[in-house]
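Report on the following structure.
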Amino acid sequence: AQSHVLWPEIDRITAEQLHYARQGVGEGVWELFAEDGEMRMYKREEEVNGLVVDPLKAVHTVKGVTGFEMCHYFFSPDYRLDWETTIEQMKVLEKVSDDTMIFLQIHKRVWPASQRDALFWSHLRQVPDSRDPDAQNIWIVCNHSTEHHSAPEKSNGKYIRVFLTVALVCQTMIEPPKNGAQITRDDLTCKITYCSVVNPGGWAPASVLRAVYKREYPKFLKKFTHYVYDQCKNKPIRF
Ligand SMILES: O=S(=O)(CCO)c1ccc(-c2ccc(C3CCCC3)c([C@@H]3C[C@@H]3c3ccccn3)c2)cc1
């Protein structure tokens, strides 16, 4: 993908999102708004030109899967409709490379706001951990809004286009079995950080959007992580 016109932006945004995901939720104004088992969901209340764009950061720990497996199922178009319940249509507009694609998604309408679509590049990458060189166990998927000739903004004006930046950062922790036995899924833990900022792209009542965010994000992360566990549990481990 290094040759593609988008590459410099993909490289920059992915690095920025990795750094942002690693920042704790201790400092600053993160507000815990949802908890479910190991999942903690935080938000900041922000508005841009009167539009709610509340940044979201979620942390979660899932046993029995690797960071690669979690990121693979998040990135791949083949499984998206199995776990993403808020989209009506999804199309891959361009396969930039094996680890980079451009998606167009039509999201279900959130009454009384008008229906939205999202056009974004999606990039999957393994990340060498600078602090721990032999930790080759961190994977990231970064989704960031982009433009594309086959999905011009004003094509039919039917949908308002959202502007989003999303990052799923997953780290595999292995509890090596005492007796030197082979690693099983019981020895695996995946530490997840999910960050997202979605600008609704056009007017939508703040109260409605905040209610949608509060309801949809916890549901989405819970459904997605359970889906990946179920898909992987009887398959060989992929790091
Ligand atoms: O992580 S992803 O890349 C996974 C690939 O699908 C992703 C996640 C979320 C969105 C998204 C797009 C539109 C909207 C709203 C804005 C006004 C009306 C619709 C929302 C609101 C936040 C609520 C929401 C949260 C989670 C899931 C779906 N809905 C979210 C897009 C992509």
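Scanning segment 171-178 finds one or more residues that are farther than 30 Å from Gly50 by Cβ, β-branched (Val, Ile, Thr) and either in contact with a Lys or Arg (Cβ under 9 Å, 6 or more places away or on another chain) or surrounded by 20 or more Cβ atoms within 10 Å (Cβ to Cβ) (or both). Within segment 116-158, the set of residues being surrounded by fewer than 17 Cβ atoms within 10 Å (Cβ to Cβ), within 12 Å of Leu18 (Cα to Cα) and either of a type in the set (Gly, Ala, Ser) or modelled with pLDDT of 90 or more (or both) comprises Gln126, Ser130. Taking every residue in segment 72-90 that is closer than 15 Å to Gln231 by Cβ and pairing it with any residue that is among the hydroxyl-bearing types (Ser, Thr, Tyr) and within 10 Å of the ligand (Cβ to nearest atom), at least 6 positions away or on another chain, the pairs with Cβ-Cβ distances below 8 Å are Phe75/Ser122. Only one entry in Glu46, Glu88, Glu94, Glu69 is more than 14 Å from the ligand (Cβ to nearest atom), over 14 Å from the mean Cα position of the chain (by Cα) and of a type outside the set (Ser, Thr, Tyr), namely Glu94. In segment 21-51, the qualifying residues are those that are at pLDDT 95 or above and closer than 26 Å to His123 by Cα, and the one that is surrounded by the most Cβ atoms within 10 Å (Cβ to Cβ) is Met41. Here Ala204 fulfils each of the conditions (1) of a type in the set (A, V, I, L, M, F, W, C); (2) modelled with pLDDT of 95 or more; (3) crowded, with 18+ Cβ neighbours inside 10 Å apart from (2).
Just one residue in the set Val59, Val53 is within 14 Å of the ligand (Cβ to nearest atom) and touching a residue at least 40 places away in the same chain (Cβ under 8 Å); that residue is Val53. Counting the residues of segment 223-239 that are buried (at least 16 other Cβ atoms within 10 Å of the Cβ) and more than 11 Å from Met70 (Cα to Cα) gives 1.
When restricted to residues that are closer than 23 Å to Phe224 by Cβ and at pLDDT below 95, segment 174-188 contains 1.
The values are calculated or read from the model by the stated rules, or taken from the named source; none is laboratory data. A quick note: this is a predicted structure, and the numbers were derived from the prediction, not measured. With ideal geometry, Cβ positions are generated from the backbone for all residues, glycine too; neighbour counts draw on all protein chains shown.
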